[in-house]
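Notes for the one structure printed next.
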């Protein structure tokens, strides 16, 4: 079942990659703002990002937050992102000692995105899945 879901999302990513010409012209300035990200494992995050490639956490550590249905609300320890001209985006987050890497694409009109993620906890496990993201601000 998981393999079938992974193939479905990889097919979706491939279809979005083929349509890169329709998405040309993404910049970090256009990407900056708040994004709600829902993960296939039930977790979610509101990531607030600036145009310099940072996930905003400071000064009060409440701008970006994550929610785990079993542990509640938490704040990422650190995070960064990059977006390319063809609207592919990658995030690197550290949340409670776990490294979360997201790879996806934002589609026109740059308010929705989808992709895959991998979560690493050193010497414990690695988990993978998919995510959807929607611009909220």
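Test residue 101 against the stated conditions and say whether it is over 16 Å from residue 27 (Cβ atoms) and without any contact (Cβ under 8 Å) to a residue 12 or more places away in the chain. No. For residues that are assigned to a strand (DSSP E or B) and closer than 16 Å to residue 67 by Cα, tally how many sit in region 95-114. Result for region 95-114: 4. Is at least one residue of region 112-124 exposed (fewer than 14 other Cβ atoms within 10 Å of the Cβ), modelled with pLDDT of 90 or more, under 19 Å from residue 53 (Cα atoms) and in contact with a strand residue (DSSP E or B) (Cβ under 8 Å, 6 or more places away or on another chain)? No, that holds for no residue. With the condition kept exactly as written, say whether any residue in region 35-42 is surrounded by fewer than 15 Cβ atoms within 10 Å (Cβ to Cβ) and over 15 Å from the mean Cα position of the chain (by Cα). There is no residue in region 35-42 that is surrounded by fewer than 15 Cβ atoms within 10 Å (Cβ to Cβ) and over 15 Å from the mean Cα position of the chain (by Cα). Against the numbered list (1) surrounded by 15 or more Cβ atoms within 10 Å (Cβ to Cβ); (2) at pLDDT 95 or above, residue 103 comes up short only at (1).
When the residues of region 54-66 are filtered to those that are in contact (Cβ under 8 Å) with a residue 12 or more places away in the chain and exposed (fewer than 15 other Cβ atoms within 10 Å of the Cβ), the one that is farthest from residue 133 (Cα to Cα) is 61. The sole residue among 25, 42 that is over 26 Å from residue 98 (Cα atoms) and either assigned to a strand (DSSP E or B) or at pLDDT 60 or above (or both) is 25.
The values are calculated or read from the model by the stated rules, or taken from the named source; none is laboratory data. Quick caveat: nothing in here was measured; it's all calculated off a predicted structure. No Cβ is skipped: glycine too gets one built from the backbone with ideal geometry, and neighbour counts run over all protein chains shown.
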